[in-house]
Amino acid sequence: SIPDDLPAGEAGAAPRAANAELIASEVARRRTFGIISHPDAGKTTLTEKLLLFSGAIQLAGTVKARKSGRHATSDWMEIEKQRGISVASSVMQFEYRDHVINLLDTPGHQDFSEDTYRVLTAVDSALMVIDAAKGVEAQTIKLLNVCRMRNTPIVTFMNKMDRETRDPLELLDEVESVLDIQCAPITWPIGMGKSFRGVYHLLRDEIMLFTPGSERADQTFEVIQGLDNPRLVEMFPQEIDQLKMEVELVHGASHPFDLDAFLAGRQTPVFFGSAINNFGVREILNALLDWAQPPRERDATVRSVQPTELPFSGFVFKIQANMDPAHRDRIAFLRVCSGRFERGMKIKHLRLNRDIKVSSVVTFMASSREQVEQAYAGDIIGLPNHGNMQIGDSFSEGEMLQFTGIPYFAPDFFRSVRIKNPLKIKQLHKGLQQLGEEGAVQVFKPVNSSDLILGAVGVLQFEVVASRLMNEYGVDAVFEGTSISSARWVSCEDKKMLADFEKSSAGHHLAHDAAGNLAYLATSGVNLKLTQERWPKITFHATREHS
Ligand code: G4P
């Protein structure tokens, strides 16, 4: 049902219907996906080739150059450079085949997985890149598990076939057993490494011949129709019998592609190729357009929201500072869930129950910041954030719609913070508050002391925070080990019970996080277990959603 509280001036049946039609067609042509992979599998390279197809960039090397250009511009990014990892994740929008594609980059390093997890709450499908020489790696497993929480459809790309790789059948087996998802091979490799000849398309019965080279988007590969084509015997007298045998085996042993199983996140179509040679990349982009869904409905606390509803709504899934050192600002990334966003419109920040007028909004069109004029469900817009937006915040044209499913994860590592210069205490608090809101680290204030405790899902986060405190807030902080081993957010329906809990000896372990939620900081697994046993009516949460 479409609520009828349209802005004044637009009331009236005819413009309303036209509006609804426009929104429906804009939603239908959108695809929003993230790329997941273990570091070095080829995510950056692949991203660049995808942008190349769209005409968003003209020449290969642009994204890489941007990646390294960014390193030079801010000191804390030095950490990223040193470790060769991508700390920041970003958004790129481009058009291809009359579709609008929103590509969300996810940091691959495990220490930033919390940020990555939340990015995955904002996508409708995912592209999994696997280094075919290495197979399924640790970070891929974690990320895939996050996708599975929301049954996100996944397309798989087996990359680097121009190198010596593992046996393709073995790779499929590994994906099926380790990631617990059915594989439906769509293309099949002919050879590998120096003798990589191309791929056979199992659905189209054609062979695409491999030639190295990657610079241009319009590069086309020669296609030979039919496995029985006599030209194949001429060209590949050595390989043809082996290929026929393999194809027969694959047809017999693997699952045929099933669109419903893919959309339910139970089956992944698998493509083989080489990102650096731009080979097999167009096929995965087409698969995402043809098979993956446009933006779907989203759950909010009061009801679910259809992407085609007229009023605008969306949620913040990520906050990032210093995207562009020239601007020195913080940007809240908002996923549009319904309606149309227009620059200059007034929207309601629901947690604060406050109207804001958004006049400068950014999106990231492949390589530069541009003003967004309008955005639809599936699009990501960047709102300038002066410190009052938090991850999980929802926005609408007035209806109280708190979107759900944007998690914070209980940290596994803890540090207490000390500063060298006590006069800087205010800056320290401000810095940690802001970094906490960004999700760079979690900040806990124990109720019984003036200490500050930091929590992270990976220890590298502490280094980033220390470096950013120094560079952005002028605070020289020292992080020290603590006796804390885990944290759980606590809640209880019975307010009196909660008050008793707070007053008991367990209360000494309580702290507030940056958003003011109560958390129990346990000194050991045994300590946590005993407390839980002693207070059965108190719930201990390993994740929390928006407060
Ligand atoms: P990431 O973002 O997932 O971390 O991976 P990235 O694209 O940076 O690729 C990691 C390395 O793998 C890069 O090499 C890249 O050139 C290489 N690579 C990506 N795709 C292919 C492919 O299809 N075949 C081969 N052979 N290599 C590929 P590097 O030496 O680390 O960086 P660079 O010096 O080439 O930039």
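Scan segment 271-284 for residues that are open to solvent by less than 10 Å² (accessible area, probe 1.4 Å), over 21 Å from the mean Cα position of the chain (by Cα) and near the ligand (Cβ under 10 Å from one of its atoms) and report the count. So the count comes out to 5. Does residue 136 meet the test of being more than 20 Å from residue 91 (Cα to Cα), at pLDDT 90 or above and β-branched (Val, Ile, Thr)? Judged against the criteria, residue 136 is a match.
Yes/no per residue for (1) farther than 21 Å from residue 45 by Cβ; (2) assigned to a loop (DSSP other than H, G, I, E, B):
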position	(1), (2)
130	no, no
162	no, yes
166	no, yes
169	yes, no
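With respect to being of a type outside the set (Lys, Arg) and crowded, with 19+ Cβ neighbours inside 10 Å, residue 268 fits the description. Quick check: anything in segment 226-245 under 35 Å from the mean Cα position of the chain (by Cα) and open to solvent by 70 Å² or more (accessible area, probe 1.4 Å)? No; the residues of segment 226-245 include none that is under 35 Å from the mean Cα position of the chain (by Cα) and open to solvent by 70 Å² or more (accessible area, probe 1.4 Å).
Reported count of residues in segment 24-40, each being more than 16 Å from the chain's Cα centre (by Cα) and farther than 20 Å from residue 292 by Cβ, is 1. I'd like the full set of residues that are in a helix (DSSP H, G or I) and either in contact with a strand residue (DSSP E or B) (Cβ under 9 Å, 6 or more places away or on another chain) or farther than 13 Å from residue 447 by Cβ (or both), limited to segment 486-504. 495, 496, 497, 498, 500, 501, 502 - these are the residues of segment 486-504 that are in a helix (DSSP H, G or I) and either in contact with a strand residue (DSSP E or B) (Cβ under 9 Å, 6 or more places away or on another chain) or farther than 13 Å from residue 447 by Cβ (or both).
Residues checked against (1) without any contact (Cβ under 8 Å) to a residue 12 or more places away in the chain; (2) open to solvent by less than 30 Å² (accessible area, probe 1.4 Å); (3) small (Gly, Ala, Ser):
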{"residue": "463", "(1), (2), (3)": "no, no, no"}
{"residue": "483", "(1), (2), (3)": "no, no, yes"}
{"residue": "487", "(1), (2), (3)": "no, yes, yes"}
{"residue": "499", "(1), (2), (3)": "yes, no, yes"}
{"residue": "503", "(1), (2), (3)": "yes, no, no"}
{"residue": "506", "(1), (2), (3)": "no, yes, yes"}
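In summary, residue 47 fulfils each of the numbered conditions (1) of a type in the set (S, T, N, Q); (2) part of a loop (DSSP other than H, G, I, E, B); (3) at pLDDT 75 or above with the single exception of condition (2). Of everything listed in (1) within 16 Å of the ligand (Cβ to nearest atom); (2) open to solvent by 60 Å² or more (accessible area, probe 1.4 Å), the single unmet condition for residue 259 is (1). For segment 133-179, the set of residues classified as open to solvent by 60 Å² or more (accessible area, probe 1.4 Å), over 18 Å from the mean Cα position of the chain (by Cα), within 27 Å of residue 457 (Cβ to Cβ) and within 15 Å of the ligand (Cβ to nearest atom) consists of 134 only. Would you mind stating whether residue 249 is open to solvent by 70 Å² or more (accessible area, probe 1.4 Å) and not in a loop (DSSP other than H, G, I, E, B)? In short, yes.
For segment 180-193, the count of residues that are in a helix (DSSP H, G or I) and more than 15 Å from the ligand (Cβ to nearest atom) is zero. Against the numbered list (1) over 29 Å from residue 41 (Cα atoms); (2) free of Cβ contacts under 8 Å to residues at least 24 places away in the same chain; (3) not β-branched (Val, Ile, Thr), residue 227 comes up short only at (2). Taking residue 216, is it at pLDDT 95 or above, open to solvent by 10 Å² or more (accessible area, probe 1.4 Å) and touching a helix residue (DSSP H, G or I) at 6+ places or on another chain (Cβ under 9 Å)? No, not satisfied. In this structure, residue 103 qualifies as within 16 Å of the ligand (Cβ to nearest atom), open to solvent by less than 20 Å² (accessible area, probe 1.4 Å) and either at pLDDT below 80 or touching a strand residue (DSSP E or B) at 6+ places or on another chain (Cβ under 8 Å) (or both). Of note, residue 511 satisfies the criterion of being part of a strand (DSSP E or B) and surrounded by 17 or more Cβ atoms within 10 Å (Cβ to Cβ). Farther than 16 Å from residue 462 by Cβ, open to solvent by 60 Å² or more (accessible area, probe 1.4 Å) and part of a strand (DSSP E or B) - does that describe any residue in segment 373-386? There is at least one residue in segment 373-386 that is farther than 16 Å from residue 462 by Cβ, open to solvent by 60 Å² or more (accessible area, probe 1.4 Å) and part of a strand (DSSP E or B). A Cβ distance below 6 Å, combined with a sequence gap of six or more or placement on separate chains, defines the contacts here; from segment 34-48, residues that are more than 7 Å from the ligand (Cβ to nearest atom) reach residues that are part of a strand (DSSP E or B) in the pairs 34/104; 34/126; 35/127; 36/126; 36/128.
The values are calculated or read from the model by the stated rules, or taken from the named source; none is laboratory data. Because the structure is a prediction, the values reported are computed rather than measured. A quick note on method: Cβ atoms are made from the backbone with ideal geometry, for glycine too, and the neighbour counts reach across all protein chains shown. The protein model used for the area step is the full one, side chains on, heavy atoms only, and it has no ligands, DNA or RNA in it. Shrake-Rupley method; radii C 1.70, N 1.55, O 1.52, S 1.80 Å.
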